[in-house]
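For reference, the structure is listed below as structure tokens.
FYI, it's all coordinate maths here, none of it is from the lab. Worth saying up front: this structure is predicted, and the values here are computed from it rather than measured. Backbone-built Cβ (ideal geometry, glycine too); neighbour counts: all protein chains shown.
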Amino acid sequence: MTTELGHFALILAALVAAVQMLVPLYGAHVRDARLMAMAAPASLTQLTLVTLAFVALLNAFMTSDFSVALVANHSHSAKPMLYKISGTWGNHEGSMLLWVLILAIFGAAVALFGSNLPDSLRARVLAVQGSIALAFLLFILTTSNPFERLSPAALDGAGLNPILQDPALAFHPPFLYMGYVGFSMAFSFAIAALLEGRIDAAWARWVRPWTLAAWVFLTIGIAMGSWWAYYELGWGGWWFWDPVENASFMPWLAGTALLHSAVVMEKREALKIWTILLAILTFSLSLLGTFLVRSGVLTSVHAFAVDPQRGTVILVIMALFVGGALTLYAMRVRDLKQGGIFAPLSREGALVLNNVLLTTACATVLIGTLYPLFLESITGEKISVGPPYFNATFIPLMVPLLLALPLGPMMAWKRGDLQGAIQRLSMAIAATLFVALVAVALMQRGPWLAYPAFALGLWVVFGAVAEWAHRVKLFEAGRDEVLRRARNLPRAAYGGMLGHLGIGVMTLGIVATSAWQSEQVVVMKPGDKLSIAGYELTFEGASPQRGPNYQETVARLAVASRGRPVTTLEPAKRLYDAPKQPTTEAGILNAWGGDLYTVLGDPQADGAGITVRVYFNPLVRFIWLGCLIMAFGGLLSLSDRRLRVGAPRKVMAKPQAAE
Amino acid sequence: MIPDTIYCVITASARMIVVLMALLFATTTWAIEPGEQLSDQRQEIRARALSAELRCLVCQNQSIDDSNAPLAKDLRVLVREQISAGKTDREVISYVVARYGEFVLLRPRLSWSTALLWLAPLLLLGATGYGLYARARAPTAKPQEPPLTNVEEKRLKRLMDEKN
């Protein structure tokens with residue numbers, strides 16, 4: 001019964017979405033306040049209905065209602081409750097419903113908190129949101145109905161793919177979707193602005209918090225996925241340039257560019273046309289990401305819904321929205337006035353460089369991801385585009401970006417002074433060189449290019465610190481003055497600096513773990529020892545154990561450092577009951593200096609010993625620490641009252657702060 | 001004709017970039033078994049580098065260096081046999097491509113059908129660079145904001161009052 005109610009609510013939601021799209025749009029066109037006022041209640045009703053549908057599905061999963069086909073295919077009665085819940089979105093139909101739910105939440109947020117927006121703008125934004133919701137609701141109802149019944153009901157479910165049964169992965173899709181769908185706000189605002197034929201600094205101020213929120217979620221979502229891959233997959237590092245990873249990475253790159261160009265637009269009224277285009281492209285890439293994952297056109301570990309019909313429908317939706325938006329853009333772009341003149345060497349110039357490099361990098365990832373697909377459909381030739389291609393093209397674009405990054409915030413708006421900026425960074429340069437030399441002295445191995453690459457990370461880290469020091473006049477003013485300045489620095493400024501600091505920290509982790517990793521692959525028998533990176537490991541043996549829904553072989557590796565026992569690592573190989581699938585559980589000793597990472601291989605054919613792979617990954621945690629710092633910077637920036645829409649701006653006695 | 005010196009500089013810098021890439025995003029190995037490793041340390045390092053460039057044909061986006069599949073193991077052994085037989089890296093790659101096709105290469109070779117793939121980043125950078133240059137040279141009109149509407153005037157006044 002609840003299931004049918006959910007289904008019914010979903011149909012109603014589609015009808016409400018149609019109203020939300022058409023009525024306010026027409027109302028804004030004829031300037032009828034009553035028709036425009038329909039937008040807000042419609043989007044709130046929409047949220048209520050989609051929530052009802054989602055709760056109905058959640059209920060079916062939590063109670064293991066195997067008369068619902070989706071639950072029977074993807075859940076299992078013996079699964080822990082957390083994974084019954086996460087199973088709701090661990091499949092195609094449920095994840096699309098989650099997509100629409102998040103869309104409805106964002107729409108309702110505009111309805112609730114957007115009272116200070118001009119009426120026609122708000123009506124149009126909500127109408128565009130309604131149109132997206134309508135498209136996806138129709139998609140769900142016609143091709144991927146989560147509420148389909150199964151008769152006769154199954155005795156038990158088929159189970160959730162065991163590698164997906166993991167806490168980090170339970171919440172990876174919701175975060176990712178909040179990022180993807182969050183960018184729909186920037187898109188809706190861009191379309192609304194094009195319809196209005198008017199765009200100004202206020203527009204940028206309204207769009208920025210939504211973009212920032214989406215960006216924070218996407219950052220966390222990607223970091224979670226990468227962290228999960230690192231400790232769970234056991235066959236790889238932390239980033240594989242897998243097509244589906246690229247699908248989430250492209251909106252992130254475009255979104256990062258959008259955040260920066262929106263700053264220019266807000267402060268200087270420049271780059272308007274570009275910012276609008278970027279807003280459209282960012283969400284288009286989110287749609288593309290959804291298409292790539294859902295259609296299964298790119299074979300990948302993520303493609304749990306390989307269905308050409310669904311793919312076609314999403315492709316049509318994508319073509320409609322992207323094509324429509326770009327056509328509107330082409331028609332209206334001449335009406336938008338460009339403003340804010342600046343010299344090439346200026347804060348604006350630096351942010352333009354940031355945008356050029358980020359969008360080129362994004363386009364490169366896009367081309368690399370889709371190229372094999374196009375080539376095969378045109379010439380029938382089959383090629384692979386893998387990590388070596390992406391490394392060879394992506395990294396050269398990141399090097400100038402990271403080199404220029406600390407200089408940007410040190411430049412003035414309109415006309416900057418490069419020499420002055422370098423002078424203000426002299427301490428950062430000195431610190432970078434000093435620490436890099438220490439690294440050279442400590443790390444007498446690995447490729448020599450690792451040192452300049454490591455120095456690049458240090459440069460970004462110290463650059464962020466130097467920016468703070470410069471802003472609070474750390475070495476110029478007295479203690480009280482410094483403290484006063486540090487307190488008065490807007491949170492958005494701290495957010496920007498933390499964002500940059502995070503990128504630097506992440507770079508350090510990437511370089512160190514890629515260049516200075518040590519590894520040993522050996523066959524071990526009980527009592528065997530091996531030493532790696534100052535640790536001494538003793539293999540104590542392996543034994544079978546029984547988990548809640550799996551059977552596993554657990555090895556015990558006693559770890560000692562300088563003769564003192566540290567811990568016992570227990571890497572394991574699991575075989576899940578339903579579906580029957582093996583997984584590898586790594587045994588990891590986390591430490592700031594680096595992770596000791598152990599993986600259990602197969603027993604030798606003659607029964608004498610078992611393969612053990614041991615790695616030491618220096619500074620690997622810095623990768624995710626950097627992501628967390630970035631996300632925290634974004635949150636801090638969001639809490640800035642100046643960014644809160646409609647909050648009266650405080651009068652500042654000093655120059656405006658920026659990212 | 002490109003003068004030899006320039007050609008050398010280009011290849012040298014291209015090689016440097018390749019080494020940088022290799023070290024920055026070097027994939028870590030998880031699949032290799034102890035018995036497969038070559039005793040010659042130099043040869044083993046070469047074999048590992050080559051393995052990261054070759055696709056496991058039965059897997060999804062994994063190199064043979066990463067994959068546990070039996071086919072990947074066969075390919076790893078094949079690569080090592082070729083290296084032990086004294087073949088150069090290029091010869092080993094050609095040998096594998098001759099057997100399994102271009103699809104096996106994770107780094108597609110430059111050819112007419114992959115020219116766009118490899119040149120795209122440069123073309124894009126060039127195009128945006130030229131666009132920015134052209135825009136900087138073009139005379140820019142002074143921006144004009146439309147005057148505030150009545151509603152906005154009232155709102156502005158309200159906000160100003162609120163602040164005071």
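The Rg/Rh ratio of region A:99-175, with both radii computed over alpha carbons and Rh defined as the Kirkwood radius, is 1.15.
Under Stokes-Einstein, with the Kirkwood radius over Cα pairs standing in for Rh, what whole-number D in µm²/s applies to the protein assembly as shown at 4 °C and 1.567 mPa s? Intermediate values should be presented prior to the final figure.
Values: Rh = 28.8 Å.
Stokes-Einstein gives a translational diffusion coefficient of 45 µm²/s.
Based on the Cβ-Cβ distance from A:Ala202 to A:Gln444, what FRET efficiency comes out when R0 is 56 Å, to the nearest 0.05? The value I calculate is 0.45.
When the expected Rg is taken as 2.2 N^0.38 Å, what fraction or multiple of it is the alpha-carbon Rg of region A:418-530?
Normalised by 2.2 N^0.38 Å, the Cα Rg of region A:418-530 equals 1.47.
Annotation: amide H-H contacts under 5 Å for A:Thr568 (H modelled 1.01 Å from N, sequence separation of 5 or more, or interchain): A:Val559. Each Lys or Arg adds one and each Asp or Glu subtracts one; over the other residues with Cβ under 11 Å from the Cβ of B:Leu57, this totals +2.
Across all Cα pairs in region A:459-507, the calculated P(r) in 10 Å bins from zero up to the longest distance comes to 28, 48, 22, 2 percent per bin. Debye-formula intensities of region A:74-224, expressed as log10 I(q)/I(0) at q = 0.09, 0.10, 0.12, 0.13 Å⁻¹, are -0.37, -0.45, -0.61, -0.68 (one equal scatterer per alpha-carbon, no solvent). Here chain A is treated with +1 on each Lys and Arg Cβ and -1 on each Asp and Glu Cβ, and its dipole about the Cα centre works out to around 2340 debye. The reciprocal of the average 1/r between distinct C-alpha atoms defines the Kirkwood hydrodynamic radius, which for region A:138-287 equals 17.4 Å. Within the shell of other residues whose beta carbon sits under 14 angstrom from the beta carbon of A:Leu194, the net charge comes to +3, with Lys and Arg scored +1 and Asp and Glu -1.
Since only A:Leu375, A:Val438, A:Tyr494 are under comparison, the one whose Cα sits farthest along the positive direction of the charge dipole of chain A, derived from C-beta charges on Lys, Arg, Asp and Glu, is A:Tyr494.
Pairs of Lys residues in chain A that lie 8 or more places apart, or on two chains, and have C-alpha atoms under 16 angstrom apart add up to 8.
A simple packing score, the average count of other Cβ atoms within 10 Å per residue, orders the peptides A:95-105, A:522-532 as A:95-105, A:522-532, with the highest score first.
Spacing of the modelled spin labels on B:Thr88 and B:Ala115, each 7 Å from Cα toward Cβ, amounts to 2.6 nm.
Over all residues in A:394-407, what is the mean tally of Cβ atoms on other chains that come within 10 Å of each residue's Cβ? Mind showing how you got there, number by number?
Values: counts 4, 5, 6, 3, 1, 3, 1, 0, 0, 0, 0, 0, 0, 0.
Averaged over the peptide's residues, the number is 2.
Take A:331-337, A:317-323, A:267-273 and order them by the average number of nearby Cβ atoms within 10 Å per residue, most first; the result is A:267-273, A:317-323, A:331-337. How big is the Rg/Rh ratio for region A:31-130, C-alpha atoms only, Rh by Kirkwood, two decimals? That ratio equals 1.16.
Each helix, a run of at least 4 DSSP H residues, gives -39500 (n - 2.57); summed and divided by the residues of chain A, these come to -20500 deg cm²/dmol at 222 nm.
Give, to the nearest whole percent, the P(r) tail of region A:234-288 beyond 15 angstrom, counting all Cα pairs.
53
Over all orientations, region A:530-586 has a Cα convex hull whose mean projected area works out to 4.3 square nanometres.
In plain terms, the chain from A:Thr379 to A:Ser151 could stretch by 77.5 nm, reckoned as 0.36 nm per residue minus the Cα-Cα distance. Mean partner shielding of peptide B:112-118, defined as the number of other chain Cβ atoms within 10 Å of each residue Cβ, is 5. What number, in nm² with one decimal, is the all-direction average of the projected area of the convex hull of the alpha-carbon atoms of region A:334-381? Averaged projected hull area, Cα only: 5.6 nm².
Geometric descriptor of region A:171-214, per residue, is 42 Å³ (volume of the convex hull of the Cα atoms). The amide H of A:Ser75, built 1.01 Å from its N in the peptide plane, has A:Ala158, A:Gly159 as neighbours under 5 Å, considering only residues 5 or more places off or on other chains. Place +1 on the Cβ of every Lys and Arg and -1 on the Cβ of every Asp and Glu in chain A, take the dipole about the Cα centre, and give the residue among A:Ser115, A:Thr360, A:Ile623 whose Cα lies farthest towards its positive end. Of the options given, the answer is A:Ser115. Looking at A:Gly311, A:Tyr177, A:Ala428, which one has the Cα that reaches farthest to the positive end of the dipole of chain A (charges on Cβ: Lys, Arg +1; Asp, Glu -1)? Towards the positive end, the residue furthest out is A:Ala428. Most tightly packed first, judged by the mean number of other beta-carbon atoms within 10 Å of their residues, the peptides A:142-155, A:387-400 read A:387-400, A:142-155.
Estimated from the Cβ-Cβ distance and a Förster radius of 25 angstrom, the FRET efficiency linking A:Phe434 and A:Glu519 is about 0.25. How large is log10 I(q)/I(0) at q = 0.11, 0.19 Å⁻¹ when the Debye formula is applied to the Cα atoms of region A:183-258, each weighted equally and without solvent? The Cα Debye sum returns log10 ratios of -0.39, -0.80.
Divide the volume of the convex hull of the Cα atoms of region A:1-89 by its number of residues and quote the answer in cubic angstrom per residue. Can you show the working numbers first?
Details: hull volume 7.7 nm³, N = 89.
Dividing the Cα hull volume of region A:1-89 by its residues yields 87 Å³.
Look at the stretch A:376-387: the mean tally of other chain Cβ atoms within 10 Å of its residues' Cβ atoms is 6. Rg and Dmax over the alpha-carbon atoms of region A:392-476 stand at 14.3, 46 Å. Using Cα centres only, tell me the gap between region A:368-422 and region A:12-72 in whole Å. Here the answer is 40 Å between Cα centres. At the listed q of 0.14, 0.16, 0.20 Å⁻¹, the Debye profile of region A:338-450, built from one uniform point per Cα, gives log10 I(q)/I(0) equal to -0.81, -0.91, -1.07. Distance from the alpha carbon centroid of region A:544-559 to that of region A:198-232 works out to 38 angstrom.
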